[in-house]
There are 2 protein chains.
Amino acid sequence: MALAHPARRGMLARLGKGEATVGELAQPLDMSLPAVTKHLKVLERAMLISRSKNAQWRPCQLEEAPLKTASRWFEQQRKVWESRLDRLEKHLHSMEKDAGSSRGRE
Amino acid sequence: MALAHPARRGMLARLGKGEATVGELAQPLDMSLPAVTKHLKVLERAMLISRSKNAQWRPCQLEEAPLKTASRWFEQQRKVWESRLDRLEKHLHSMEKDAGSSRGRE
DNA sequence: TTCGTATTTAACCATATGGTAAATTACAGC
DNA sequence: GCTGTAATTTACCATATGGTTAAATACGAA
């Protein structure tokens, strides 16, 4: 999952404020430039960012569409978890009602 | 992340319907029992489930509280992404206005 | 005590992930 | 063409993850 690594989430957060070069993204990250390049490739393959060329710099920018998808994904997940919690809570309440009959716990 | 693996999410979904033994959780999963045991340990360490004893069975059940936390987490994440997208959209619109002045694209 | 079922442990393996250092490429300016 | 800066590629390494099989453990029932 492209969003799994904190360094990558950090880069995306930084890019939310606007275009940045590899060096700029690396600066707060306490890791070598090759490592940053690798993370950028992950983000690029996931189409979360795009890159361009400016002399010897290779600036990165956020891709708008997939992040909207990510946002929608979070919203969906939230709904899924909510419905699971609903079912769970019903289950737990029915257990409370039953509690006197046969307590399996030791 | 305990919620990362589809098998584990499947187990949690199953447990949302009520207690289940290791064998019952394994049945739909096309993997060996030892593999299932490992996944269960991950879930147990993350305190998403708890286990008990019933003869030779070791039934599992969902832990309520942390899943509520997970739900809250999703909600938070959603808000974070939304605010990022707001910022991003403002940025993109300001670029549109600028578009005529200096087109870096080739 | 022995047998069958449920589960775990131990030992092992393949692959993915995240990092490094050193060499290489790309480019601007002198 | 040479030099300095930005970034990437290459080769390598350590650890995490997810799986396997075979053996061990736990328990109820015969």
- Query: What are the label-to-label distances in nm, one decimal and shortest first, from residue A:33 to the same spot in the other copies, with labels 7 Å along Cα to Cβ?
  - Reply: 5.6
- Rounded to the nearest 0.05, FRET efficiency between residue B:52 and residue A:9 (Cβ-Cβ, R0 41 Å) equals 0.60
- With a point put 7 Å past each Cα toward its Cβ, work out how far residue A:29 is from residue B:35 in nm, to one decimal. 3.3 nm
- What residues does region A:5-28 have that are buried by at least 10 Å² of accessible area in the full protein assembly compared to the chain on its own, 1.4 angstrom probe? A:9, A:12, A:13, A:16, A:17, A:18
- Find out how many positive minus negative residues lie around residue A:60, taking Lys and Arg as positive, Asp and Glu as negative, among other residues whose Cβ is under 14 Å from that of residue A:60. +4
- One decimal, nm, shortest first: give the distances between the label point of residue B:52 and those of the same position in the other copies, each label point 7 Å from Cα along Cα→Cβ. 6.3
- Message: Placing the label point 7 Å from Cα along the Cα-to-Cβ direction, what are the distances from residue B:17 to the equivalent spots in the other copies, shortest first, in nm to one decimal?
- Response: 4.9
- Message: I'd like the interface area for chains A and B: accessible area of each alone minus the complex, both sides summed, 1.4 Å probe, protein heavy atoms only. What is it in Å² to the nearest 100?
- Response: 2600 Å²
- Note on the structure: Descending accessible area (1.4 Å probe), largest on the left, turns B:9, A:8 into B:9, A:8
- Long-range HN-HN contacts of residue A:20 with modeled amide H, under 5 Å: A:60
- Task: Set the Förster distance to 41 Å, then compute FRET efficiency between residue B:44 and residue A:45 from the Cβ-Cβ distance, nearest 0.05.
- Result: 0.75
- Message: What are the ³J(HN,Hα) couplings of region A:35-49, residue after residue, when phi is run through the Karplus curve with 6.51, -1.76, 1.60 and θ = phi - 60°? Round to Hz, x for glycine and proline.
- Response: 4, 4, 3, 4, 4, 5, 5, 4, 5, 6, 4, 7, 6, 8, 9
- Task: Using only the alpha carbons of region A:6-62, determine the length spanned along each of the three principal axes and report them from longest to shortest in whole angstroms.
- Result: 25, 22, 21
- Note on the structure: Violations at 31 Å Cα threshold for listed pairs A:41/B:17; A:41/B:41; B:17/B:53 -> A:41/B:17; A:41/B:41
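The values are calculated or read from the model by the stated rules, or taken from the named source; none is laboratory data. The structure presented is a predicted model; accordingly, all values stated were derived computationally and were not measured. Note that we place each Cβ from the backbone using ideal geometry, even for glycine, and neighbour counts take in every protein chain shown. Remember, those area values only see protein heavy atoms, side chains included, never the ligands or the DNA or RNA. Shrake-Rupley method; radii C 1.70, N 1.55, O 1.52, S 1.80 Å.
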